[in-house]
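Report on one structure; see the data block that follows.
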Amino acid sequence: MSIWVLPSDLLATSRFTVSPMVETVAALRVLHQPRTPWERAWRRPHVDAYRELLADPALRALPDAAFAPRWTADFLSIAPADAAPTFGAELAAVAALPDERMRADLRVTRPGPLPEPLLRPGLTDRVVELLSWVWNRAVAPEWPERDRRLRADIVARTARLSADGWAGVFADLTGEMRWLGEGRLRVNDYPAPARALDRAEQLFFIPTTHARSGWVVWDQPTRFGVVYPARGILAESPPAVPGGLVRLIGANRAEILARLEHPLSTSHLVALTGLSLGTVSDHLRVLLDAGAVTKRRSGREVLYWRTPLGASLVRTGD
């Protein structure tokens, strides 16, 4: 199994973050080989333009070479340089790699001779072109909603961290990840020797909306990260808000009430809706006074959820 041995100070300073490049690489994998009905439905509006893009022989050969069943080429798996990466900054890190580094990474992912188009000069430019196309065409138009869903997952994970510690967080990040104690984190079940991260300066945990399992990212020896699938009620698509309820109490208040089928805190609602903390608090106060929601303290958080009256309002607002 593949185990990372984490110094205590590295784990203590680790961060959850959102990576536009991780979302772009995950989206590229789905465009190339969708495996679930949801992935095929998401791919459908983009597939014709994607096939036109792959008329370029190098672009057509790249995804097959870069994605193995359980491995992704390292140039598509570079850990973020900071806790608030932009797509432009992450793409620049890829663009700085020479062609030969790209080919060396591909030979690890797909042993054997590389397709002739990938041996031509300008391979880095082709990779940058492919990633830019996926970002601009398929990811950026959805980015505000993706970003909210990913940050909502992070809010839930950090709440879990405060309640259960890292062992509780790692337990359901990915199916293979486990906290083994004594600074040892099993990141996957590959038959590889343990890796001591004693020179690492950064460790990130990065959710993605486009994955059924996780993978690792790195820029050895100083930056490492774990990508995991965003899950749970905080990462699901927003609920349908009944039009009648919107007309009755307003769009923002109606969305908050529609989301409170399950208990959520104000910080969860801020991440999910994109509204400010003050705005969410004001709407919750009105809903509480009207008897549409109730609340209870749980640890350091206050959780809100719909009362029978609130549930009735949502049902009859359809």
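The values are calculated or read from the model by the stated rules, or taken from the named source; none is laboratory data. The shown structure was predicted, so the numbers you read here are calculated from the model rather than taken from an experiment. Note that each Cβ is placed from the backbone with ideal geometry, even for glycine, and that neighbours are counted across all protein chains shown.
So here's what we get for this one:
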item: Residue count, segment 82-121 (criterion: within 26 Å of the chain's Cα centre (by Cα) and either charged (D, E, K, R) or in a loop (DSSP other than H, G, I, E, B) (or both)); result: 10
item: Test for residue 97: is it in contact with a helix residue (DSSP H, G or I) (Cβ under 7 Å, 6 or more places away or on another chain) and outside the structural domain of residue 276 (by TED's automatic domain parsing); result: yes
item: Of the criteria (1) under 18 Å from the mean Cα position of the chain (by Cα); (2) β-branched (Val, Ile, Thr); (3) under 22 Å from residue 28 (Cα atoms), which one residue 158 fails; result: (3)
item: Filter result for residue 173 (of a type in the set (A, V, I, L, M), within 21 Å of the chain's Cα centre (by Cα) and not assigned by TED's automatic domain parsing to the domain that holds residue 33); result: yes
item: Residue in segment 232-255 that is aliphatic (A, V, I, L, M), modelled with pLDDT of 85 or more and in contact with a Lys or Arg (Cβ under 7 Å, 6 or more places away or on another chain) present; result: no
item: Test for residue 88: is it over 22 Å from residue 19 (Cβ atoms), outside the structural domain of residue 204 (by TED's automatic domain parsing) and either free of Cβ contacts under 8 Å to residues at least 60 places away in the same chain or among the small types (Gly, Ala, Ser) (or both); result: no
item: Selected residue (only one of 68, 104 is modelled with pLDDT of 95 or more and not assigned by TED's automatic domain parsing to the domain that holds residue 213); result: 104
item: Where residue 79 falls short, out of the listed (1) closer than 15 Å to residue 131 by Cβ; (2) modelled with pLDDT of 95 or more; result: (1)
item: Residue in segment 18-34 that is crowded, with 18+ Cβ neighbours inside 10 Å and outside any helix (DSSP H, G or I) present; result: yes
item: Filtered residues of segment 48-71 (kept if touching a Lys or Arg at 6+ places or on another chain (Cβ under 8 Å), of a type in the set (A, V, I, L, M, F, W, C) and in a loop (DSSP other than H, G, I, E, B)); result: 54
item: Top-ranked residue of segment 170-217 - restricted to ones that are within 17 Å of residue 18 (Cα to Cα) and of a type in the set (Val, Ile, Thr), ranked as modelled with the lowest pLDDT; result: 174
